[in-house]
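> Below: one structure in structure tokens.
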């Protein structure tokens, strides 16, 4: 955890993210194949929609912070709302500049601790927030399918013979599988932990390092179960329900960035269709190996939105989409983290992190 939060590591992630994003944007320029149309298209941007996108980007902070707050207050009296809003946004910021969002959780917990929240509460709140995210998509996705949302996607797209609707259903299946696996791990920890321990003993004869990692995973499973037990009460499950509901606004910029970017260019499309496509994009980008899915995200988004965005306007669409998705949060988060660095990163090493520091 401390290594993930060092200024050098985060700065390197930021640099890689920007470089990869520029490369991805360059690919969309080549795909657009019309520089004159690109520059002309800049003049058609409707800035009121870009301003709305700025508001959406703020939900990385507000939505994520409120979700942490409803989780933390179940196990900790009067958690600081300001600190948790910053924790929600800074967690998103760190996730955007590290591969596979690896620093999102540590940065969320670190920010909470800067504002006096004890480490066990920070760990618990972050974990339940993640559970809320999985529950939100595991519930909202199938409901959308049941009510026929996005059926028109079946007529759009052709990636390896699959329509956009096929891809959405496939991504939804993956999320459902992750949710089912989480449920097994959380509610049957002894069976899973015992299996992992036996696996660690078998592998330990060949690789002690892998065995140690498996044992740490076993300890993590026990900790996750303990967190769930702490929420096993009417008040606790109400907090989980609120965390699930608030997962909607906390991911609003990811879900609505595509639609707002379209409207910023004066393009119209079915709102629900675009919402489902952006859900698909979000699922796929979550597993991208580059920081914030930079580079990969630009190319993937251009591909899946090709049925809605004219080729010559694709680079501008990608630019506005990225602004809403990550760039606004990256800029604001960078200013905050720079201030922390100037004042000194309190508790950045493992020992100092044992006591929370305010401010």
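> Does any residue of the stretch 105-118 turn out to be modelled with pLDDT of 75 or more, surrounded by fewer than 23 Cβ atoms within 10 Å (Cβ to Cβ), under 19 Å from residue 286 (Cβ atoms) and within 16 Å of the chain's Cα centre (by Cα)?
Yes: the stretch 105-118 contains one or more residues that are modelled with pLDDT of 75 or more, surrounded by fewer than 23 Cβ atoms within 10 Å (Cβ to Cβ), under 19 Å from residue 286 (Cβ atoms) and within 16 Å of the chain's Cα centre (by Cα).
> Kindly evaluate residue 240 against the criterion of being at pLDDT 80 or above, surrounded by 16 or more Cβ atoms within 10 Å (Cβ to Cβ) and over 26 Å from residue 281 (Cβ atoms).
Numbers: at pLDDT 80 or above: yes; surrounded by 16 or more Cβ atoms within 10 Å (Cβ to Cβ): yes; over 26 Å from residue 281 (Cβ atoms): yes.
Judged against the criteria, residue 240 is a match.
> Just to be sure, is residue 145 more than 24 Å from residue 13 (Cβ to Cβ), in contact (Cβ under 8 Å) with a residue 12 or more places away in the chain and outside any helix (DSSP H, G or I)?
no
> Oh, and also: What's the total number of residues in the stretch 1-13 that are assigned to a helix (DSSP H, G or I), touching a helix residue (DSSP H, G or I) at 6+ places or on another chain (Cβ under 7 Å) and surrounded by 13 or more Cβ atoms within 10 Å (Cβ to Cβ)?
Count: 6.
> Which residues, counting only those in the stretch 32-46, are in a helix (DSSP H, G or I), surrounded by fewer than 18 Cβ atoms within 10 Å (Cβ to Cβ) and in contact (Cβ under 8 Å) with a residue 12 or more places away in the chain?
Once the filter is applied, which keeps residues that are in a helix (DSSP H, G or I), surrounded by fewer than 18 Cβ atoms within 10 Å (Cβ to Cβ) and in contact (Cβ under 8 Å) with a residue 12 or more places away in the chain, the stretch 32-46 yields 37, 42.
> Restricting attention to the stretch 260-272, does a residue exist that is touching a residue at least 40 places away in the same chain (Cβ under 8 Å), within 13 Å of the chain's Cα centre (by Cα) and in a helix (DSSP H, G or I)?
no
> Which of the numbered conditions does residue 356 fail, given that it passes all the others? Conditions: (1) modelled with pLDDT of 90 or more; (2) outside any helix (DSSP H, G or I); (3) farther than 17 Å from residue 43 by Cα.
If we test residue 356 against (1) modelled with pLDDT of 90 or more; (2) outside any helix (DSSP H, G or I); (3) farther than 17 Å from residue 43 by Cα, just (1) comes out false.
> So, in the stretch 275-307, of the ones that are crowded, with 22+ Cβ neighbours inside 10 Å and assigned to a loop (DSSP other than H, G, I, E, B), which residue ends up farthest from the chain's Cα centre (by Cα)?
Among them, the one singled out is 305.
> Pick from 139, 97, 134, 128: which is touching a helix residue (DSSP H, G or I) at 6+ places or on another chain (Cβ under 6 Å), closer than 24 Å to residue 258 by Cβ and either in contact (Cβ under 8 Å) with a residue 60 or more places away in the chain or buried (at least 21 other Cβ atoms within 10 Å of the Cβ) (or both)?
Numbers: 139 fails: touching a helix residue (DSSP H, G or I) at 6+ places or on another chain (Cβ under 6 Å); 134 fails: either in contact (Cβ under 8 Å) with a residue 60 or more places away in the chain or buried (at least 21 other Cβ atoms within 10 Å of the Cβ) (or both); 128 fails: closer than 24 Å to residue 258 by Cβ.
Criteria check complete, one pass: 97.
> Considering only the stretch 168-186, I want to know if a residue exists there that is modelled with pLDDT under 70, assigned to a helix (DSSP H, G or I) and either over 20 Å from the mean Cα position of the chain (by Cα) or under 26 Å from residue 66 (Cβ atoms) (or both). Give the steps one after another, and end with the answer.
Taking the stretch 168-186 as the starting set, the residues that turn out to be modelled with pLDDT under 70 are 185-186.
Now restrict to residues that are assigned to a helix (DSSP H, G or I): 185-186.
Within this subset, residues satisfying the condition of being either over 20 Å from the mean Cα position of the chain (by Cα) or under 26 Å from residue 66 (Cβ atoms) (or both) are 185-186.
Within the stretch 168-186, one or more residues are modelled with pLDDT under 70, assigned to a helix (DSSP H, G or I) and either over 20 Å from the mean Cα position of the chain (by Cα) or under 26 Å from residue 66 (Cβ atoms) (or both).
> What are the residue pairs meeting all of these: first residue in the stretch 73-90, first residue farther than 19 Å from residue 106 by Cβ, second residue modelled with pLDDT of 95 or more and in a helix (DSSP H, G or I), Cβ atoms under 6 Å, and 6 or more apart or on different chains?
81/69
> For the stretch 18-31, does any single residue satisfy the condition of being in contact (Cβ under 8 Å) with a residue 12 or more places away in the chain, surrounded by 13 or more Cβ atoms within 10 Å (Cβ to Cβ) and more than 28 Å from the chain's Cα centre (by Cα)?
No, the stretch 18-31 contains no residue that is in contact (Cβ under 8 Å) with a residue 12 or more places away in the chain, surrounded by 13 or more Cβ atoms within 10 Å (Cβ to Cβ) and more than 28 Å from the chain's Cα centre (by Cα).
The values are calculated or read from the model by the stated rules, or taken from the named source; none is laboratory data. From a predicted model like this one, the values you see are computed outputs, not experimental measurements. Cβ sites come from the backbone with ideal geometry, for glycine too, and all protein chains shown count toward neighbours.
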